[in-house]
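The values are calculated or read from the model by the stated rules, or taken from the named source; none is laboratory data. Note that the structure is a prediction, hence the values are computed from the model and not measured. Here the Cβ positions follow ideal geometry from the backbone for every residue, glycine too, while neighbour counts run over all protein chains shown. Just so you know, the surface numbers come from the protein's heavy atoms only, side chains and all, with ligands and any DNA or RNA stripped out. Shrake-Rupley method; radii C 1.70, N 1.55, O 1.52, S 1.80 Å.
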Amino acid sequence: MEGTTLFTQQEVEKGNELYAEVIIPLALPKTFTWSIPVTYQPAVQPGVRVEVLLGKNKKYAGIIKRVFPEKPAAFNPKPILNVLDDKPLVHTSQLAFWEWIAHYYMCSEGEVMQAAVPANLKLSSETILIWNEEYGEDYIDLDNEEFVVAEALNVKKELRLTEVQQILDASHVYPVIKRLIEKQVCLVWEELKEKYKEKKETYIQLHSTYHNEDKLADLLNNWSKAPKQMELLLAYLHINRTEGEVTQPELLKKSGANVAQLKGLIEKGVLIAERRTVDRLRNLPKDILIDFELSPAQQQASDEIAQVFEEKPVCLLHGVTASGKTQLYIRLIEQYIRKGKQVLYMLPEIALTAQIIRRLQKHFGGHIAIYHSKFNPNERVEIWNKVKDGQVKVVLGARSAVFLPFADLGLIIADEEHDASYKQQDPAPRYHARDAAVYYASLFNAKVLLGSATPSIESYYNAKQGKYGLVLLNERYGNVALPVIDVVDVKRVLTKQKAKVMLTPDLHQAIEASLQQQKQVILFQNRRGYSPYMLCGTCGWIPQCQQCDVTLTYHKAKNKLACHYCGTAYPVIHTCAACGSHNFVQKNFGTEKIEELIAETFPAAKVARMDYDSVKGKHDHDNLIKLFEQKRIDILIGTQMVVKGLDFEHVNLVGILDADGILNFADFRVNERAYQLMEQVSGRAGRRDGEGKVLIQVTNTQHPVLQFVQQHNYTELYNFELENRKQFFYPPFSRVIQVIFKHKEIHIAEEAANLFIHGLKANYDKYITGPAEPVVNRIRNKYLWEVLLKLPKDAHLINQCKHEILQQIAIIQSGKLYRSVDIIPDVDPV
């Protein structure tokens, strides 16, 4: 990476002036430069954290990007205040990656740093009050509380906020501090504080005197008083001999003793307590155990992947559902571990990691670590450091794992590569982890394997054009048949209220048949909650969110109406705000309502629900999946979470309850997404015996996507979609940049969007679509307008356009009227 050369000891000793470009975790348009005091020059290198001052007194922990000897011409840099690390927190390859992400996705490197680095490695600023020496000791104008704090400050010269709270015996001390600052009694300073703390555990050991068996026997035989201490000692000896090292909590729990009894044994010199730093992560033996053979089809695919990797860095593995792609991944991972290389195995959803980690740990033990947002900040720091030092060879993680500081990366696997969850939505950087992984791998000359039963049109196009290699795996493992897919026309099923049908007679019979065979059922509905909206039966009024232009979803379990855009919850409405009627009708159905209906219809069956509302905890996904694997659940109802790559051997029926909801989105990717969802969810059926069946409930039975799904024919879908995309100049034939304008006043957002287009028209008029209001045009009390740029795949033109977009944003926001407009560029939106 340019500019990352370390300076020699001789250069440093000469006292040459050196400067550092430092990334701080703020959305600043460019990185700042600070000077490096001579005393810190030997310790400074790219990737190291330093303490810097921005403005008068705001301190930040930044990361050095590069060190150079040329003084900036335009200003005098401030000095770095402190060097916080002995060795780099990130490698230069990560700094190069951050720079690429910032450039490609049109954000700042500070925003990338904010997303990449675990929270507990980003030091927080702690406010300190400092005595103002020029104030003197004239306390006449101070009230009682101000006087007490001023006296303490005069004595100690500095106080932290927590100390001020203790002095005043109150938590609300800000008004007092504000008055003291205004009266110039004190000044405010910021101190950086390390948030990461090592985990400490107290270990109990036998005093070395009693390692001698005779002396120990003598102690036990002549014990006269304190029988409880004797029981505790015997418990220690038993645990120590049967399980090895003994921790204090474990000893007290198993012995039933208390801390006082343990303290007594320590004071007598029988036992010793020792505080040790321990891992938060579970340590397993670093074994490699591969206990399966690849089928002939898998072996052929494996050989073809190896051949592709000889010529190309990226390979797309298109394998039908249940073809055994995971076994291929395991074999590949084994090869790279034996070479001493690191592997990143990415999955789109945290829900998937729970099942896969158990399979990988069985084969690779302690070589594997897992990394995603449900881990607490301290656990994430420990994984970060182990990856950076090369101790962990394989990381299984969701999209954020692409930011880990790998030392010697050899392979990235992006499973379910088509999934939209790989794309970060808010906040910036709005990166696509699959695409970012391809660039990240290139920095290490590593290989990338993209795997899917339903590849994204863009990836398949890249493979067909020869940019990626393409390997096909067209048969299920064990030559099991793909499930039979039946389309059920819900128009033929009449209901009294003419409401949407949840359970057609065909699906009802199929569920009964599965339960009789002691098989399991998955029911898919891509709407959570009980009822997506409530309607006044008298006048047609629908309750809406006060902050967003969307209907409120009824959640029966919480007895609340909830907005799925901003998260606001409202009490259930019983009286119509328009006409005063109490006649509300619940329209459509979500997973909660289905769960209730299925439990009533099949009272003997064990029913569970898997959606965002039911699996919020760190281990909730895993626990539910284990119950389903162990056949302790008969019918699982879920949203997209049940679709993605989960492997259940006893499922023989899948029901898609409302395919119309999937097929009728206003989006150029709607056919692709609908096919992927339906094909993936159908792939959960009959994975072992080939006796799987899928029922799709739909009104528009003639939709072309349904024919492709019934035939499991991805190639036909690809050709159909490619023709449409070419006609309307959508990806993969163009590169899309969406620019979103948000403001609390609708006309200001619209004016800003029009000004933006006016600024770009000269060079890009034929590529611009909009401005237009999105389907949901108000979220969190801000109105939205969108502009779409569909650009030819010309790198020079795209880079020039990005530059001009950022220029236009800066020009618009420099005007007083539009300063508060949020303008968000989103590259490759999904």
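Couple of notes before you dig in:
- Most to least packed among 590-602, 401-413 [average Cβ atoms within 10 Å]: 401-413, 590-602
- GLU158/LEU817 FRET efficiency (R0 56 Å; Cβ-Cβ; nearest 0.05): 0.80
- For the chain, CYS107, CYS186, CYS315, CYS566, CYS801 stand unpaired, since no other cysteine beta carbon lies under 4.7 Å from theirs.
- The H on the amide N of ALA407, modeled in the peptide plane, is under 5 Å from the matching H of GLY390, each at least 5 residues off or on a different chain.
- Length released on extending from ASN82 to ARG179, taking residue separation times 0.36 nm less the Cα-Cα span: 31.8 nm
- 3J(HN,Hα) along the stretch 548-562, derived from phi through the Karplus expression 6.51 cos²θ - 1.76 cosθ + 1.60 where θ = phi - 60°, amounts to 10, 8, 9, 6, 8, 8, 7, 10, 6, 4, 8, 6, 9, 9, 10 Hz, with x in place of Gly and Pro.
- Those residues of the stretch 218-250 whose amide nitrogen sits under 15 Å from the label point placed on VAL259, 7 Å along Cα→Cβ: 248-250
- Here each label is just a point 7 Å from Cα along the line to Cβ, and for ILE130 and ASP489 those points are 8.1 nm apart.
- The H on the amide N of LYS447, modeled in the peptide plane, is under 5 Å from the matching H of LEU411, ILE412, each at least 5 residues off or on a different chain.
- The charge dipole of the stretch 24-83, taken about the Cα centre with unit charges on the Cβ atoms of Lys, Arg (+1) and Asp, Glu (-1), comes to about 180 debye, rounded to the nearest 20.
- Apportionment of accessible area to carbon and sulfur, the chain, percent (1.4 Å): 49 percent
- Across the stretch 142-147, rounded Karplus estimates of 3J(HN,Hα) from the backbone phi angles (6.51 cos²θ - 1.76 cosθ + 1.60, θ = phi - 60°) give 9, 7, 4, 5, 4, 4 Hz, Gly and Pro being marked x.
- Among the listed pairs LYS122/LYS339; LYS423/LYS742; LYS65/LYS802, those beyond 26 Å (Cα-Cα): LYS122/LYS339
- Classification of the stretch 23-91 by its C-alpha gyration tensor yields a rounded form. The axis ratio a/c (a ≥ b ≥ c) stays under 1.5.
- Peptide packing for 814-822, 505-513, 446-454, 745-753 was compared via the average number of neighbouring C-beta atoms within 10 Å per residue; ordered from the highest value, the list is 446-454, 745-753, 505-513, 814-822.
- Between ASN222 and ASP667, the distance separating the two model label sites (each 7 Å from Cα on the Cα→Cβ line) works out to 8.0 nm.
- For the stretch 394-439 versus the stretch 58-94, the gap between their alpha-carbon centres in whole angstrom: 27 Å
- Pairwise FRET efficiency - ASN583 versus GLN702, Cβ, R0 = 35 Å, nearest 0.05: 0.45
- Spin-label model distance (nm) - GLU649 vs ALA513, 7 Å beyond Cα toward Cβ: 2.4 nm
- If R0 equals 45 Å, the separation of the Cβ atoms of LYS215 and LYS286 corresponds to a calculated FRET efficiency of about 0.70.
- Annotation: the antiparallel percentage among DSSP beta bridges lying fully within the chain is about 60.
- In the context of the full set of protein chains, the stretch 515-567 has a per residue accessible area of 46 Å² (1.4 Å probe).
- The stretch 312-361: C-alpha gyration tensor shape, a/c 1.5 cut-off, then a/b vs b/c: oblate
- Taken about its Cα centre, the chain carries a charge dipole of about 1140 debye when Lys and Arg each add +1 at the Cβ and Asp and Glu each add -1 at the Cβ.
- Shape class for the stretch 554-614: oblate, because the ratio a/c of the largest to smallest gyration tensor axis (alpha-carbon atoms, square roots of eigenvalues) is 1.5 or more and b/c is at least a/b.
- Net lengthening on full extension, ILE272/GLN727 (0.36 nm per residue, minus Cα-Cα): 156.0 nm
- For LYS558, the amide hydrogen comes within under 5 Å of no other amide hydrogen, counting only partners 5 or more places away or on other chains and with H modelled in the peptide plane.
- DSSP beta bridges confined to the stretch 647-801 are antiparallel in about 80 percent of cases.
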